[in-house]
Amino acid sequence: MSNFITKCLLNENKNNPKNNTTRIYTHNNDITTKKEDYQIAICQDGKYAVTFDNANFRIRIVENTDHRPFKKVDIPQQIPVHQNNSNSDEINKTIAHFKIDDDLAIDRFYSNDFVPPLFENDDPLSNNKSADGSKFGWSIGISNVQKQDDVDIILVAVSRIDIDEDMKQLKNDEDNKHDYKKGICSFIETDSDALSKSENGVDQFNSLKRFIVLNFRGIYNFGFSDSFDSFNLTEMFDYPTIIRREFDNWHSYDGCMKRLLTCIYRKYFLATQYKNDAQSLEVYDLTKMRLETTAKRVEDKNKFVKQYNFDTFAVSRLQLCFTRGIRYIRLFYMENGLQVASRNFNEIEIIYSLEFIDNDEKLLIIGKGQEEGLKFVIWDLYDTGKVESTMLPSVKNLDTCLARTSGNILQVDDEGKVKSVLKRIENELEQRNKKNLEELGIIIEPLLEKFKGTKLNGDPDESHTVHFDQNIISNFKPIVIEKEPWVLGDYERNSYCLYHNKQGTKTEILQIIVCRSTVQIWHQVQDDSKNKDDLPNKGEPFLEYIWTNRIPVNQEREKTRLRIEKFEFGLNDGLHDKLNDFLLKVYWYERKDDEENTENTKKKGHAKKEERDIIKEENDEIDKIEQKIIEINENNEIDDIEKGKRKEEIINNSVKVKRWEKKIMRKDIIENFRAVRHACKALEHLNKHYKNKNLADNNNRVHKYEEIDSYIRHIIWRFVKHKPKDFMLLDFRDNFIKSLILGDSNHLIKYTLFGGDEIRHIPRNILWPGEKFLKDDDLDLDRFNSKDNKLEDNEEIKPGNNMELAIYHCKGRELKDTIIVAYFLEYYSKNATDCADDYARKLFNKECFADQNHFSAQDPDEIIPMEYLERRNHNIKFRAFRPMVKLKSDKYEWFILLRDTKNIKIKETTYIGSAADVVTNTTFNIELETVYDPKSKEDNPFSFFPTAIEAAYFWIGGNLNQRDTFDFWPVDLVSLIASIFLVIILQNMLIAFMGGVYEIAQTKGRQTLLRHRANHIADYEALHHIHFRNHEPEPKHIYYFGQSKTLEDWYNNRKEDDAIYKDFEEKSTFTNNDFKKKSLDEASIWVYDE
């Protein structure tokens, strides 16, 4: 037996008679006859794993107690980050433990606490060869939990692979002579990225999409019965052409098993090809059996790498990470295949494995360094951009002893123990950080004081509370007192002195101020001995950092202000020359979204209310929540844990509002990744308030707003200038460009798109899981009335990407304000590599084919249809076509092509009779069988096109010879339909036409027909189309080829065209704003390498 699949029942509904099963006898002891050889596999969602000792045939299913699910950004308190809160890295929760025999049938079950004894012989025989010396390998797979009649089922598959027979090309190789069930087995599940929830908040079970087996000949797809008791082959898929050619030419003698293992990750299959100094990466989705994305990596022609490891890749929800195994790693965007980031890891000589971890925010690289053991490197992609590494003992047979998927990595050791690799790394890093903290000296405990501030005219300011540490300064005078000019009235503010240093005549101060909706840090350097022009920012305070809670404009008021829960000064740890660590925890209240309010309104039975009534109810609820929290804090009879539980219960039971919290620490200030993210969001927030509050009526407030706005733009510009690659990576994660659009930062957008040779922005339509492209007030600007938010046909406007948002945002504005659309048109058309949206006529003259110093890595013979290469096409100057993206299957679709009848069963006709020999008086029994050649047009007229037309014509007379020949139900179905159509419909139409009735009706009804046709076309264009079957989607990639002279002429002619936005800048009142270095940059806490 070559394949074994069993199902494990996790729980049973005893009330269901279908689930009454016989009690299984379990064993508590056994002997180990061979040296253990373990391998491990993990299910696609990472919740369960299976280990297999292929020497002693023991299989153990364990639950991953360190399971790390993907957490959506918009679902707070969705799932605990880790199930395993202990420091133990061992996964020891056994679900099932059993042994199989030589025929791969279950031999016995063990109790869940059974621990196999270790093999004691130090000189074991080889376990990877059979008795006749042939090599073989093992493959094991495990499925996600399947739901069937209230029973949770896990499927486990084991395949014994004969390397010579299953992974090599044999002489006179025919598929039907080999066991197609032998190969690398894998369960392909539908993704749970959406994390859909049932009404009670429990994850819904995922359905098994397909079970596949991969060997040298192709990908075999199997279907299961409803009860998962049996499975059968349903169809076979061919490999992509480049993989098929590689197997035939390079792996026909040494086997393709190792190469296949490098091509598979979760539900994805990677095909690579190297040509013309470029490597194409084709990623196929095995659930759909079609091409998901195509990426391309280009190598430096002047650098040659002497050695490569096997290709290694990982796929997250949005990204593809790829390496050839030697130090250099590239990140590509799955939606369009464009490169997002790249990095060279000199500390790693060989890369073995990659995996996205921590909600796809970080990348774990496993490889070999200069030290002994395995080197684990964690690349923080979006938070800091930094890298930290650690060393762990080496792992034998890394390919089979390590399992990875969806941010979960497990390892099985030589004794069969399963351990969490991520937990081991965390423990190692935690011990190192703890040791570093112990080595730091603790200087002085902070001593906090506070006082009420003063206004500019010297009067007391009761709304401004100033806090400072007496160990730093004895008397602190704030450098800023009010920094939210869009707030028209007085409001509560709190300031803290973060840094104060006076050396002689020079004084340097850092102050953090908490306003109604922002937290800002201001910096001032003064020196009485110097001229103001020689001081940073002429001695005036300048903005270093800003964070906003991004509360919708119509909800910002005194009751929803930022409230400080606590502020703690940290100790001087020496990690920064100016700032000690600190913790500022603020919270605020917002209105629950429409769905939550609608649900609560239905429960309460309330009707819709006016806005002022809603605000009053929200304010009342906020006051009640705050009062209850005060009472809890003043209750000395309960501990802090109980206080926290009661507070959480009060907040969760709120009806109208929800509470948000934010912690700001020193790392948010000094790590420019975090600071620039907050600055971009602040631009958007400030511009919404500026437009909503009509500050143009007050010059003083406009000046204060523009001052803050210019500081924020300068902060972002410095990051864009000095960290272009990091900006592109963060823009991919947080969509900075959207914030710049809503912030009306035209000059900053222009610099980002065109201020250098490097690409800083990649267009996209797919967002980070859980994120929404638009917030509630993104389109709620004063210049639009509610009726203007719809088109003439009442279609609601809902932009889905930055280009659409820019068009909508610029609607009805001055020409200088709409130039942002021209910037995007120019940028997308100039840098497009796969596609360009036809937003304007000028795009047709733009260069949409970037990176022209090299050609595609794909072979033209593989992607250009053969009919396009025939001689009659020699006069065609340019031709575009869509590629084939689906893997070829041997399964027939609804159409029938009787020309190729390889897999169609033919009815056998046999004549039986007897004959007598009159000479010998002997009787013979004779059996005659007809010989049918499906490739001969004499036997099968449908094998040749002209005879096929003739045979179809004779259907009119009832001559349906294909029904007598082919035993295939679609043939019978089409024959029935064709007979009805030809005999009844067409013959009656012919009679009507010959009788003249049709001609008279045609003459009289032609004009009416045309009129109705025109009306139908107009109605069709206006209606939402409903289709009975899905249309073929628009191709993600469009290929083209043409005569070289034509392309050269076009390329030379387009050089004379200016940028699309040039005309707009010349015809409008647009003013240029060149960003440049300022004096404050030298004193800033942000330091960049020039």
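The values are calculated or read from the model by the stated rules, or taken from the named source; none is laboratory data. Values in this document were obtained by computation on a predicted structure and should not be read as measured data. All Cβ positions, glycine included, derive from the backbone under ideal geometry; neighbour counts span all protein chains shown. For accessibility, only protein heavy atoms count, side chains too; no ligands or nucleic acids. Shrake-Rupley method; radii C 1.70, N 1.55, O 1.52, S 1.80 Å.
Rundown of residues vs (1) among the charged types (D, E, K, R); (2) touching a Gly at 6+ places or on another chain (Cβ under 6 Å); (3) farther than 20 Å from Tyr265 by Cβ, yes/no style:
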residue	(1), (2), (3)
Gly325	no, no, no
Tyr333	no, no, no
Ala341	no, no, no
Asn344	no, no, yes
Ile348	no, yes, no
Leu354	no, no, no
Ile365	no, no, no
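Got a sec? Which of Val480, Val487, Val525 is within 15 Å of Ile708 (Cβ to Cβ), touching a strand residue (DSSP E or B) at 6+ places or on another chain (Cβ under 6 Å), of a type in the set (A, V, I, L, M) and open to solvent by less than 20 Å² (accessible area, probe 1.4 Å)?
Being within 15 Å of Ile708 (Cβ to Cβ), touching a strand residue (DSSP E or B) at 6+ places or on another chain (Cβ under 6 Å), of a type in the set (A, V, I, L, M) and open to solvent by less than 20 Å² (accessible area, probe 1.4 Å) holds for just one of Val480, Val487, Val525, which is Val480.
Regarding Asp623, is this residue of a type outside the set (Ser, Thr, Tyr) and either in a loop (DSSP other than H, G, I, E, B) or under 17 Å from Trp588 (Cα atoms) (or both)?
Yes: the conditions hold for Asp623.
Within segment 960-976, identify whether any single residue is at pLDDT 75 or above and of a type in the set (D, E, K, R), and answer yes or no.
Within segment 960-976, none of the residues are at pLDDT 75 or above and of a type in the set (D, E, K, R).
Conditions tested, residue by residue: (1) open to solvent by 20 Å² or more (accessible area, probe 1.4 Å); (2) of a type in the set (Gly, Ala, Ser); (3) under 24 Å from Phe732 (Cβ atoms).
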residue: Ser316; (1), (2), (3): no, yes, yes
residue: Tyr328; (1), (2), (3): yes, no, yes
residue: Val340; (1), (2), (3): no, no, yes
residue: Arg343; (1), (2), (3): yes, no, yes
residue: Asn346; (1), (2), (3): yes, no, no
residue: Ile365; (1), (2), (3): no, no, yes
residue: Gly373; (1), (2), (3): no, yes, no
residue: Tyr382; (1), (2), (3): no, no, yes
residue: Leu402; (1), (2), (3): yes, no, no
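If a residue has to be modelled with pLDDT under 65 and open to solvent by less than 30 Å² (accessible area, probe 1.4 Å) to count, how many in segment 1059-1069 make the cut? Step through it out loud before you land on a result.
Residues of segment 1059-1069 that are modelled with pLDDT under 65, as a first pass: 1067-1069.
With the extra rule that they be open to solvent by less than 30 Å² (accessible area, probe 1.4 Å), the set shrinks to 1068.
Adding up the residues that qualify gives 1.
Inspect segment 225-235 for any residue being at pLDDT 90 or above and not in a strand (DSSP E or B) and give the result as yes or no.
For segment 225-235, residues at pLDDT 90 or above and not in a strand (DSSP E or B): absent.
Based on this model, can you work out whether Glu246 counts as acidic (Asp, Glu), over 26 Å from Ala341 (Cβ atoms) and either open to solvent by less than 10 Å² (accessible area, probe 1.4 Å) or in a helix (DSSP H, G or I) (or both)? Please lay out each step first, then the result.
Numbers: acidic (Asp, Glu): yes; over 26 Å from Ala341 (Cβ atoms): yes; either open to solvent by less than 10 Å² (accessible area, probe 1.4 Å) or in a helix (DSSP H, G or I) (or both): yes.
So Glu246 passes the test.
Yes or no: segment 714-724 includes at least one residue that is at positive phi and not in a helix (DSSP H, G or I).
No, every residue in segment 714-724 fails to be at positive phi and not in a helix (DSSP H, G or I).
Out of all the residues in segment 94-106, which are part of a strand (DSSP E or B) and surrounded by 15 or more Cβ atoms within 10 Å (Cβ to Cβ)?
Residues satisfying the conditions are Thr94, Ile95, Ala96, His97, Phe98, Lys99, Ile100.
Please find, within segment 149-161, the residue that is nearest to Arg60 (Cα to Cα) out of those that are touching a strand residue (DSSP E or B) at 6+ places or on another chain (Cβ under 9 Å) and open to solvent by 30 Å² or more (accessible area, probe 1.4 Å).
Among them, the one singled out is Arg160.
Is it the case, given these coordinates, that Lys396 is farther than 30 Å from Cys497 by Cβ and surrounded by 13 or more Cβ atoms within 10 Å (Cβ to Cβ)?
No: the conditions fail for Lys396.
Select from segment 404-431 the residues that are assigned to a helix (DSSP H, G or I) and touching a strand residue (DSSP E or B) at 6+ places or on another chain (Cβ under 7 Å) and write down the one among them that is surrounded by the most Cβ atoms within 10 Å (Cβ to Cβ).
Residue satisfying both the conditions and the ranking: Val421.
Can you tell me how many residues within segment 873-926 are acidic (Asp, Glu), part of a loop (DSSP other than H, G, I, E, B) and modelled with pLDDT of 65 or more? Please lay out each step first, then the result.
Taking segment 873-926 as the starting set, the residues that turn out to be acidic (Asp, Glu) are 890, 893, 900, 908, 917.
Right, trim to part of a loop (DSSP other than H, G, I, E, B) and you get 890, 893, 900, 908.
Narrowing the set further to residues that are modelled with pLDDT of 65 or more leaves 890, 908.
Looking only at that region, the number is 2.
Output the residue which, of all residues in segment 305-314 that are at pLDDT below 90 and among the hydrophobic types (A, V, I, L, M, F, W, C), is least open to solvent (accessible area, probe 1.4 Å).
Across segment 305-314, the extreme among qualifying residues is Val305.
Check segment 336-356 and report whether any residue there is more than 24 Å from Asp45 (Cα to Cα), touching a Cys at 6+ places or on another chain (Cβ under 9 Å) and in contact (Cβ under 8 Å) with a residue 24 or more places away in the chain.
The answer is yes, given that some residue of segment 336-356 is more than 24 Å from Asp45 (Cα to Cα), touching a Cys at 6+ places or on another chain (Cβ under 9 Å) and in contact (Cβ under 8 Å) with a residue 24 or more places away in the chain.
Consider only pairs whose beta carbons are under 6 Å apart and that are at least six residues apart or on different chains; among these, list those whose first residue lies in segment 217-246 and is under 15 Å from Ile188 (Cβ atoms) and whose second residue is among the basic types (Lys, Arg) and open to solvent by less than 50 Å² (accessible area, probe 1.4 Å).
Asn221/Arg210
Which residues, counting only those in segment 497-522, are of a type in the set (Ser, Thr, Tyr), open to solvent by less than 10 Å² (accessible area, probe 1.4 Å) and in a strand (DSSP E or B)?
Residue satisfying the conditions is Thr518 alone.
Could you say which residue among Arg760, Arg701, Arg674 is of a type outside the set (A, V, I, L, M, F, W, C) and surrounded by fewer than 20 Cβ atoms within 10 Å (Cβ to Cβ)?
Only one candidate qualifies: Arg701.
State yes or no: is Val387 open to solvent by 10 Å² or more (accessible area, probe 1.4 Å) and over 29 Å from Phe52 (Cα atoms)?
yes
Please go through segment 563-577 and give me each residue that is modelled with pLDDT of 75 or more and surrounded by fewer than 15 Cβ atoms within 10 Å (Cβ to Cβ), ordered by number.
The initial filter retains those residues of segment 563-577 that are modelled with pLDDT of 75 or more, namely 563-569, 576-577.
Hits for segment 563-577 are Glu565, Lys566, Glu568, Asp577.
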